[in-house]
1. Among the residues of the range A:43-86, how many are surrounded by 14 or more Cβ atoms within 10 Å (Cβ to Cβ), charged (D, E, K, R) and in a helix (DSSP H, G or I)?
2. Mind listing whichever residues of the range A:133-177 are charged (D, E, K, R) and part of a helix (DSSP H, G or I)?
3. Can you tell me which of (1) away from chain B (no Cβ under 14 Å); (2) β-branched (Val, Ile, Thr); (3) more than 30 Å from residue A:19 (Cα to Cα) is the one residue A:250 doesn't meet?
4. Taking the condition of being part of a loop (DSSP other than H, G, I, E, B) and touching a helix residue (DSSP H, G or I) at 6+ places or on another chain (Cβ under 6 Å), how many residues in the range A:13-37 meet it?
5. If residue A:219 satisfies all but one of (1) modelled with pLDDT of 85 or more; (2) at positive phi, what's the number of the condition it fails?
6. Kindly check whether there is at least one residue in the range A:10-29 that is closer than 28 Å to residue B:139 by Cβ and within 14 Å of chain B (Cβ to nearest Cβ).
7. If a residue must be within 10 Å of chain B (Cβ to nearest Cβ) and either within 28 Å of the chain's Cα centre (by Cα) or hydrophobic (A, V, I, L, M, F, W, C) (or both), how many such residues does the range A:197-211 contain?
8. From A:214, A:191, grab the single residue that is surrounded by fewer than 17 Cβ atoms within 10 Å (Cβ to Cβ), over 25 Å from the mean Cα position of the chain (by Cα) and facing another protein chain (nearest Cβ under 7 Å).
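The values are calculated or read from the model by the stated rules, or taken from the named source; none is laboratory data. What you see is a predicted model, and the numbers here were worked out from it, not measured in a lab. Counting neighbours? That spans all protein chains shown, and the Cβs are built from the backbone with ideal geometry, glycine included.
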Amino acid sequence: MAQIVLFHYFPRNSILHDMDGRVKLICMILFSVVISLVQSIPSFIILTAGLILITLLAARLPFITLLKDMKYFSILILIILLVNSFVIPGRPIPGFPLPGVTIEGVMTGLMASWRLVLIIMVCAIMTGTTSLITLKNVVEWYLRPIPLVPETRIATMINLTFVFIPVIFDTVSEMLSAQKARCVEGRRNPLKRIMFIAFPLLVQTFRRTEELILAMEARCYSDDRTRAVFATTAKDWLILAFSVLFLAVILFYPF
Amino acid sequence: MGESTALNLRLTVFAALFTALIIIGGYLSIPLGAVPIALADFFVMLAGLFLGKKWGLAGAALYVFLGALGLPVYAGGKAGLAVLFGPTGGFLFGYMALAFVVGLIASQKKPSVLRNLTALIAGNILLYAFGIPWLKTVLNLSWEAALTAGLTPFIPGAVIKIIVAAAIAQALLPRFNKSIADNAEQPEDEEQ
């Protein structure tokens, strides 16, 4: 996980980096919704081209490096394609050696996996141009008007969750190497194997959590925190308007 | 001595830990025959057992929320509203129900194996009661196909996860409750 750069933040000086996080989140949600709605091949191609342009020009993210990391999703994409090819009923492909593969199935599978790739791209652009702190502040801002929702508490939990993920990954890899050295991998019994992962993992992470709680208590942590300040400029509204226009054309123009 | 803000902070941090564990659980899987067992729902069960209904639900809900925001937290690095309302979305909502029900039934001072097992089984039934009709509706499957795709391959894994979750709760809950309460009210009964 530590080697994957796909959803990491890249500090850059670009249009999307300077954008107000609140507006950026809306744009991201709009893109995801449109991606899950589009049906025709031309609209897919336009969306892909648009996202590649955004990655390169508006966000200035290292496109080739991100593309390489897509390999972590390749198995998932392949599975989606294969399952759809075999499961969806339709006409068989003439002259294709494998029986059971249908034209409709391949098309549906292609669309579904393409859709997944596009959504991954949108997520990568969002997380690549927005630091986790900003994202947390944006979420807090949107939750503020909702009654009965402890927005500061939720923001703290989001932060803590992302503090814990690398801690847990370190613990897991340490544990797995220690167990490999003791030939635990030879065990076939799944009950024992879950036990051997879960038990030490929980004991270790509980201990680290205790330390963190102690540190927070020692610093008098409370929910009364300074709120983040946001500023929206005309550029942000322009980008939002442009995104809405672009997505509306893709969605409603009959390709 | 157990004032509510200190307790609240402890449970907040532990709920965040369980959210992180659920996320990691989606990446960890153990081979069992042909079907790999992912550990996400296993940690959801533990969240219910360890944190109780309120904070267990908070941990699971935060997981679903982070994924909906577009962070790649769902199993296999997936994310977004498309997944949440896609074929397997019912299971994600089911996670919240699972954590809540497990916490509701199991939540008590002294851990009892029978009670924890009942809670886990009830929670799992609810999880699939959310997941399978959803799968059937979204993909337009017959009941038979939905059960074959969504339930049958996962039964052995679910049984194993329930057993291990109950065993872990038995071993670690006394210690956990003691550290949460942070006072001497909790008697030690580790020999059970």
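1. Adding up the residues that qualify gives 1.
2. Hits for the range A:133-177 are A:136, A:140, A:151, A:153, A:170, A:174.
3. Result: residue A:250 passes all but (3).
4. Qualifying residue count for the region: 2.
5. All conditions pass for residue A:219, except number (2).
6. yes
7. Total satisfying the criteria: 10.
8. Just one listed residue meets the conditions, A:191.
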